[in-house]
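Visitor: Let me begin by handing over the structure; questions about it come next.
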Amino acid sequence: MIGKQDRWQEELFVAGPLSELIPDDHVLKRVDKVLDLSWLREEVRELYNETQGRPSIDPESAVRLMLAGFFQGIVHDRKLMREAQVNLAIRWFAGYKLHEKLPHHSSLTRIRQRWGAERFKRIFHKTVQLCADAGLVDGETVHMDATLIRADVSWASLTEHHAERVLEENVLEEEQGRDGVQNRAGKAKKRSTTDPDATMTTSSSTYRMEPSFKQHTGVDDAAGVIVDVEVTTGEASEGERLAEQLERIEAATGKKVATVTGDSAYAHSSNYALLEERDTEAVIPPQAERRKAKRIPWRRFKYDAKHGLVRCPGGKVLHRGSRGKNGWWYRAKAADCRSCPLQERCVSASASSRSVLIVDGYEALLRARRRRRRWDEATQGIYTRHRWRVEGVHAEAKTRHGLRRAVRRGLANVAIQAYLTAAVINLKRLAAFLLLFSPKYVVRGRRFAVAKANWSSLSGFFRSQLRNAQAAA
């Protein structure tokens, strides 16, 4: 018998609570049981006038609206509020009844401007603490990586300016009263006029340069929880920010980082020296050396740290000279190079002697190269996890949560987008963990008590199940 549904009969009342209309396995319903934003009102109270003006949007409701959008990959406020009009789960998650009017999309913009990036950073840090309380953060092994976020600018907005342009006025002929002006220009760079914070960069020599920002990310090895996020201009070097990242991670987790993984962008000699001083294992492959050099490569020169000198392949001594940006220059005597049979292969035609730069932390770099040749299976496994842990997080953020391109302009706005995205990913990890291992959910507002998992026994099963649950979410 074929049934018939009367689609034109509107119900005046809906019997039962709104939560019953939302499936129990919906990601917003699972996250609601662990998300606690009760502290937020006091955090932002000083930004509002208690005696004047109209009542603002409830701070917790505003953040919940933003988070709900990022959970579903909706990063634009207009689209989010249109979706919230018809999406029961978003209404319920943000605390709005069916008959209540939702805020205007511009209200979310004004909230971001008023609060600033630091308060959204604290929201992200709260999710790190929640995951740590649940036992999802081990804190001993951390994977570091950086990814580019395309700026919200058009190609037509790019203009060329000179990075180093100096006008110098010199009196050429003082007796004749004529002034000469000398213009000295550096390398021309392109910069967007609509978002000057974005800089031209690329992730590979095979790709064209684009106006971008760079997100520096630290991911804990145990369950893929993001423990640190920082957004800089695209030109910033990720390797130079490693020390600051480690300090922030240890402050957030309360544990000392024992092992750090990273790609060759972190293979700075200063980083190897830093990690040795911290007694932290560096699972960072050194950069490959050039094998087809026009001259005798500098690796053929022997550095004697005890006596502070360098010996060339011909047995001559190079003494320390001037200080460079990242180390000391060692130069040979011109007379030694003229009488050396290796001169044509060693010294360029425009120089009278050979110079070698010994970078800071050079000895630590040499030890790292020796260790790389002796990586055991366990160390290689850690570096393999680096690829799908932190690089997988970046892929998840870009494909599922809209971080491939900046939604708004300015470094602060892109940082807010990155903090909310990282918070959403952490909450997904936490919700998936509780769904698998907790017998019952916790009540929002109360610190939940979940026994810390024994990672050695649960590692294989937990990680596979967690990935499946994350994919379903």
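The values are calculated or read from the model by the stated rules, or taken from the named source; none is laboratory data. Since we're looking at a predicted model, the values are computed, not measured. Note that we place each Cβ from the backbone using ideal geometry, even for glycine, and neighbour counts take in every protein chain shown.
Visitor: List pairs: first in segment 258-276 and in contact (Cβ under 8 Å) with a residue 40 or more places away in the chain and surrounded by fewer than 19 Cβ atoms within 10 Å (Cβ to Cβ), second assigned to a strand (DSSP E or B) and of a type in the set (D, E, K, R), Cβ under 6 Å, 6+ apart or cross-chain?
Guide: Sorted first by the residue in segment 258-276, then by its partner, the pairs are THR259/GLU281.
Visitor: Still on this model: Consider segment 341-386. How many of its residues are touching a helix residue (DSSP H, G or I) at 6+ places or on another chain (Cβ under 8 Å) and among the hydroxyl-bearing types (Ser, Thr, Tyr)?
Guide: Number satisfying all stated conditions: 3.
Visitor: Scan segment 236-249 and report the pairs whose first residue is surrounded by fewer than 17 Cβ atoms within 10 Å (Cβ to Cβ) and whose second residue is assigned to a helix (DSSP H, G or I) and not small (Gly, Ala, Ser), with Cβ atoms within less than 6 Å and a gap of 6+ or a chain change.
Guide: Between residues of segment 236-249 that are surrounded by fewer than 17 Cβ atoms within 10 Å (Cβ to Cβ) and residues that are assigned to a helix (DSSP H, G or I) and not small (Gly, Ala, Ser), the close pairs are ALA243/LEU274.
Visitor: A follow-up question, please. Look at segment 307-326 and say how many of its residues are free of Cβ contacts under 8 Å to residues at least 40 places away in the same chain, closer than 28 Å to GLY239 by Cβ and either in contact with a helix residue (DSSP H, G or I) (Cβ under 8 Å, 6 or more places away or on another chain) or among the charged types (D, E, K, R) (or both).
Guide: The total comes to 3.
Visitor: On to the next question. Anything in segment 86-143 that is more than 30 Å from LEU436 (Cα to Cα), touching a Leu at 6+ places or on another chain (Cβ under 9 Å) and surrounded by 15 or more Cβ atoms within 10 Å (Cβ to Cβ)? List them, or say none.
Guide: Those that are more than 30 Å from LEU436 (Cα to Cα), touching a Leu at 6+ places or on another chain (Cβ under 9 Å) and surrounded by 15 or more Cβ atoms within 10 Å (Cβ to Cβ): LEU102, PRO103, HIS105, LEU108, TRP115, ALA117, ARG119.
Visitor: Here's a follow-up. Here is a list: VAL86, VAL44, VAL34. Which entry is modelled with pLDDT under 95 and either more than 28 Å from ALA251 (Cα to Cα) or touching a His at 6+ places or on another chain (Cβ under 6 Å) (or both)?
Guide: Values: VAL44 fails: either more than 28 Å from ALA251 (Cα to Cα) or touching a His at 6+ places or on another chain (Cβ under 6 Å) (or both); VAL34 fails: either more than 28 Å from ALA251 (Cα to Cα) or touching a His at 6+ places or on another chain (Cβ under 6 Å) (or both).
Selected residue: VAL86, the only one of VAL86, VAL44, VAL34 that is modelled with pLDDT under 95 and either more than 28 Å from ALA251 (Cα to Cα) or touching a His at 6+ places or on another chain (Cβ under 6 Å) (or both).
Visitor: Given the structure, is VAL424 surrounded by fewer than 22 Cβ atoms within 10 Å (Cβ to Cβ), β-branched (Val, Ile, Thr), touching a helix residue (DSSP H, G or I) at 6+ places or on another chain (Cβ under 9 Å) and at negative phi? Explain how you work it out, then say what you get.
Guide: Values: surrounded by fewer than 22 Cβ atoms within 10 Å (Cβ to Cβ): no; β-branched (Val, Ile, Thr): yes; touching a helix residue (DSSP H, G or I) at 6+ places or on another chain (Cβ under 9 Å): yes; at negative phi: yes.
So VAL424 does not fit the description; no.
Visitor: Examine segment 366-374 for a residue that is modelled with pLDDT of 85 or more, surrounded by fewer than 16 Cβ atoms within 10 Å (Cβ to Cβ) and not in a helix (DSSP H, G or I), and state whether such a residue exists.
Guide: Yes, because at least one residue in segment 366-374 is modelled with pLDDT of 85 or more, surrounded by fewer than 16 Cβ atoms within 10 Å (Cβ to Cβ) and not in a helix (DSSP H, G or I).
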